[in-house]
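In what follows, a structure is listed as structure tokens, so that the remarks can point back to it.
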Amino acid sequence: MKGPVRGYWCECWTQDLRDERPPALLASFDAYSALQADRWVPVALRTISPALDADTSEEAWEWLYIGRIETRRALLRPELCTVSVTHASTRITWTIRPVLFVPLAHRQSTALPACSQAFRPMSEPKGQGRTTGR
């Protein structure tokens, strides 16, 4: 099995500023290079910018042309990066953080443990599942 792989965990959070609920995770993405991570936020910002109010759209494009340079530098160091825009009462925040991806064990061509035969799906009525031979 291959060891841990360096990469970036990217998330997009939204928060309604009118209430006290915590931010909600809207999307996530695993990037395996600084270049992949660097492309994620600009693609999202370019996609939503036509729907943003004029000031927020201008702020987004300013980040795309000026602020993105510092984000690229931070990714190459590798450091946490955060980009936020606020449209009306909604704050959208993208975070990119360096991580180590740990590979999971591959199950194909490997015998499952005996207890896996006792598994009964939740949707199966009681009493009609597999028996374990106890």
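A simple packing score, the average count of other Cβ atoms within 10 Å per residue, orders the peptides 13-25, 29-41, 72-84 as 29-41, 72-84, 13-25, with the highest score first.
Solvent-accessible area per residue in segment 10-55 equals 64 Å², computed with a 1.4 angstrom probe and all protein chains kept. Couplings 3J(HN,Hα) for segment 51-61, derived from phi with the Karplus relation 6.51 cos²θ - 1.76 cosθ + 1.60 (θ = phi - 60°), are 8, 7, 5, 4, 5, 5, 4, 4, 4, 4, 5 Hz, where x marks Gly and Pro.
The values are calculated or read from the model by the stated rules, or taken from the named source; none is laboratory data. Not measured: the values here are computed from a predicted model. Please note: Cβ atoms are built from the backbone with ideal geometry, for glycine as well, and neighbour counts cover all protein chains shown. For the accessible areas, the whole protein counts, side chains as well, though only heavy atoms, and no ligand, DNA or RNA atoms are used. Shrake-Rupley method; radii C 1.70, N 1.55, O 1.52, S 1.80 Å.
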